[in-house]
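The values are calculated or read from the model by the stated rules, or taken from the named source; none is laboratory data. It should be emphasised that the depicted structure is a prediction, and the values quoted were computed from it without experimental measurement. Heads up, the Cβs are rebuilt from the backbone with ideal geometry, glycines too, and the neighbour counts pull from every protein chain shown. Only protein heavy atoms, including side chains, enter the accessible area calculation; ligands, DNA and RNA are left aside. Shrake-Rupley method; radii C 1.70, N 1.55, O 1.52, S 1.80 Å.
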Amino acid sequence: MTDEVVLLDFWPSMFGMRVRVALAEKGIDYQYKEQDLKNKNELLLKMNPVHKKIPVLIHNGKPVCESLVIVQYIDEVWNDRSPLLPSDPYQRAKARFWADFVDQKAVYAVGKKLFSTKGEEQEAAKKEFLEIYKTLERELGDKPYFGGETFGFVDIALITFYSWFYVYETFGKFSMETECPKIIAWAKRCLQKESVAKSLPDQKKVYELALELFGLK
Amino acid sequence: MADEVVLLDFWPSMFGMRVRIALAEKGIKYQYKEEDLRHKSELLLKMNPVHKQIPLLIHNGKPVCESLIIVQYIDEVWNHKSPLLPSDPYQRAHARFWADFVDRKVYGVGRKLWATKGEEQEAAKKEFLEIYKTLESELGEKPYFGGETFGFVDLSFVTFYSWFYVYENFGKFSMEAEFPQIVAWVKRCMQKESIANTLPDQKKIYEFVLELKKIFGLE
């Protein structure tokens with residue numbers, strides 16, 4: 001029996017991108033369904049009634065919600081290839097900790113403040129943003145990936161924000177390459193992977209959309 | 001070689017309680033170290049430099065942080081008894097989803113209930129009731145969130161029981177009247193020794209909050 005895999009998503013979402021990368025890493029065939037978040041359809045509301053958000057993975061009719069929960073699910077079901085989480089429980093706990101750090105420190109929210117606020121509020125957001133990325137840079141250290149020698153869970157959790165770097169840099173008036181060179185080197189390394197390169201939208205396209213979405217023209 | 005397990009914790013923390021219950025469920029011996037959160041120990045700062053928070057599990061010298069991550073770690077290392085997560089990947093995803101819901105929604109709204117006044121408190125109460133209704137409808141007719149047996153979601157949520165008296169008192173409502181199924185579920189959980197022995201008394205937590213409000217000038 002073939003698996004039926006559907007992904008409800010929104011192309012610029014860093015959270016949705018995580019699932020796309022995971023599915024590509026595992027070589028899973030799926031149907032991508034673009035969602036209109038201003039006009040949520042019945043399927044999305046039925047499959048994620050609690051949060052009404054994307055991404056939602058629907059596997060043989062059953063929904064899985066929350067990007068990092070979905071990525072772990074994908075790793076556990078399609079466990080015969082390309083492991084995304086380490087096999088050692090301690091390494092696994094470390095991976096979950098850093099993926100949670102990306103989500104908890106609201107890498108998303110602080111990025112949003114960077115382009116949607118001005119003056120003192122924006123300055124504070126910029127300071128916080130750079131502190132968070134410097135912490136991540138320290139954790140990366142000299143490793144090729146957060147996961148060590150191979151691309152893994154933490155890399156997936158963070159790399160998808162790369163598509164938004166141009167937005168952050170333009171509004172925050174700084175260069176990621178100057179401020180966090182190791183992160184940029186790491187991102188470029190990740191982009192060599194087909195699963196990442198074909199899942200992440202172009203930075204300029206995301207910038208155009210951000211202008212429109214948040215009325216920033 | 002015997003395992004060395006240390007838990008840095010703070011007695012009223014619902015997050016710390018989760019780890020205490022998980023350790024008790026697995027019958028793991030450990031050393032409990034109470035932290036003074038206004039004077040964090042060097043050990044805490046060294047072992048959790050990123051968040052500087054409890055709970056913190058130190059297993060043979062290596063730190064594990066974040067309560068739900070610690071619980072999953074405990075479940076995976078001591079996997080010979082009392083499974084805390086389901087074995088099926090879909091059920092596991094479902095459990096993680098609801099534990100994440102508890103983390104994102106339940107703590108914050110409870111805090112607003114006792115730490116704010118007037119309109120802000122009224123809004124918090126409304127949100128609180130909605131969140132608990134969602135949880136009650138997820139529980140449904142099942143004995144536990146996990147189904148027939150106590151599991152990950154039950155563990156992530158039951159520790160808030162110690163704080164129910166605080167919420168009722170400041171929110172001016174009765175949990176039993178608003179959420180009879182949740183209260184029935186809690187009483188069922190409290191039959192378990194691992195929980196009954198772990199959860200601090202509601203009145204003690206209430207006194208702690210009164211002290212906290214004085215210290216932070218929130219009266």
Dipole magnitude of segment A:1-104, debye to nearest 20 (Cβ charges: Lys/Arg +1, Asp/Glu -1, about Cα centre) = 300
Can you give the charge dipole size of the protein assembly as shown about its Cα centre, rounded to the nearest 20 debye, using +1 on the beta carbon of Lys and Arg and -1 on the beta carbon of Asp and Glu?
-> 540
The ³J(HN,Hα) series, computed from each phi in segment A:12-17 with the Karplus coefficients 6.51, -1.76 and 1.60 at θ = phi - 60°, rounded to the nearest Hz and given as x for glycine or proline, is x, 6, 5, 6, x, 4
Per DSSP H run of n ≥ 4, the term is -39500 (n - 2.57); total these for chain A, divide by its residue number, and report the mean residue ellipticity at 222 nm rounded to 500 deg cm²/dmol.
-> -16500 deg cm²/dmol
Measure of compaction for chain B (Cα Rg per 2.2 N^0.38 Å) | 1.02
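Can you give the Rg to Rh ratio of the protein assembly as shown, both from alpha-carbon atoms, with Rh computed by the Kirkwood formula?
Working: Rg = 22.2 Å, Rh = 23.3 Å.
For the protein assembly as shown, the value is 0.95.
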Modelled label-to-label distance, residue A:32 and residue B:149, 7 Å Cα→beta-carbon offset: nm?
-> 4.1
Using the Karplus curve 6.51 cos²θ - 1.76 cosθ + 1.60 with θ = phi - 60°, work out ³J(HN,Hα) for each residue of segment A:196-201 in order, rounded to whole Hz, and write x for Gly and Pro.
-> 7, 4, 8, 9, 8, x
Size of the dipole of chain A about the Cα centre, Lys and Arg at +1 and Asp and Glu at -1 on the beta carbon, nothing else charged, in debye to 20?
-> 360
Of the convex hull enclosing the alpha-carbon atoms of segment A:5-118, the direction-averaged projected area in nm² is 8.2
Any idea how far the Cα center of segment A:131-196 sits from the one of segment B:57-120, in Å?
-> 28
Segment A:132-186 -> Rg/Rh from Cα coords, Kirkwood Rh, value 0.97
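Quick one: order B:116, A:160 from most to least accessible surface, probe 1.4 Å.
B:116, A:160
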Intensity falloff of segment B:79-193 expressed as log10 I(q)/I(0), Debye formula with alpha-carbon point scatterers, at q = 0.13, 0.20 Å⁻¹ = -0.51, -1.09
Quick one: net charge around residue A:109, please, counting Lys, Arg +1 and Asp, Glu -1 for every other residue with C-beta under 15 Å from its C-beta.
-> +2
So, by mean Cβ neighbours within 10 angstrom, what's the order for A:165-174, A:46-55 with the highest one leading?
-> A:165-174, A:46-55
Binned at 10 Å from 0, what are the whole-percent values of the Cα-Cα distance distribution for segment A:64-156, short to long?
-> 15, 40, 29, 14, 3, 0
Sorted by average packing, counted as other Cβ atoms within 10 angstrom per residue and highest first, what order do B:41-48, A:125-132 take?
-> A:125-132, B:41-48
Using a Förster distance of 30 Å, the FRET efficiency for residue A:131-residue A:193 (Cβ separation, nearest 0.05) | 0.60
At most 13 other Cβ atoms within 10 Å and a DSSP loop assignment: could you name the trypsin sites (Lys or Arg not before Pro) in segment B:116-219 that fit?
-> B:117, B:172
Using a 1.4 Å probe on the heavy atoms of the protein chains only, list every residue of segment B:75-95 that has 10 Å² or more less accessible area in the complete assembly than in its chain alone.
-> B:76, B:77, B:89, B:90, B:92, B:93
Computed helical MRE - 222 nm, chain B, DSSP H runs ≥ 4 contributing -39500 (n - 2.57), nearest 500 | -16500 deg cm²/dmol
How large, in Å, is segment A:115-217 by the Kirkwood hydrodynamic radius built from its alpha-carbon pairs?
-> 14.5
